[in-house]
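Rule-based calculations on the coordinates, nothing more; no lab input. Small disclaimer: the values here were computed from a predicted structure and weren't measured. Using ideal geometry, Cβ is built from the backbone for each residue, glycine included, and neighbour counts are taken over all protein chains shown.
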Amino acid sequence: MLICKSILASILTNKAMKMNAKFIKERKANLEVRREELKKELDSSTDQVAENDYDAKFIDLGDKEDENAAEVAMFEKNLSMEKTLEISLFNVNKALKKIDEGNYGICEKCERPINPERLNAFPSATACMKCKEKSL
């Protein structure tokens, strides 16, 4: 069963790549632009501590009580934003790696092609809508 599943995935991957080479090239360009945007956003509000790992900056506004409260509020906002941006960057890098490996656009769960409309709207998608809905 595992061999059949792997052969099917290989056939689907080859079909998807051949039929959609232009589409995949366009998605790759979009993903590369998005990666640079995410890095720029992360650089403005975080410190990079390792590859794909960032820490939100703590902004020092002063020593007064109201300034300290504002610092904490800003830090909480930056923490939330950092996590969201980090996850987005991880997903974009994962999608670019899939393109390089030749298995972009294949659902990680059912191994069937992901609808091109979904990939157009969300280029870093790793699951088809049917599988995504099952996981929600």
Give all pairs with beta carbons closer than 7 Å in which a residue from the range 108-135 that is farther than 14 Å from Asn30 by Cβ meets a residue that is of a type in the set (S, T, N, Q); count only pairs at least 6 apart in sequence or on separate chains.
Glu108/Thr126; Cys128/Asn115; Met129/Asn115
Residue list for the range 100-136, filter: under 20 Å from Ile87 (Cβ atoms) and of a type in the set (Lys, Arg)
Lys109, Arg118, Lys132
The correct count of residues that are surrounded by fewer than 17 Cβ atoms within 10 Å (Cβ to Cβ) and in contact with a Phe, Trp or Tyr (Cβ under 9 Å, 6 or more places away or on another chain) in the range 99-121 is 2
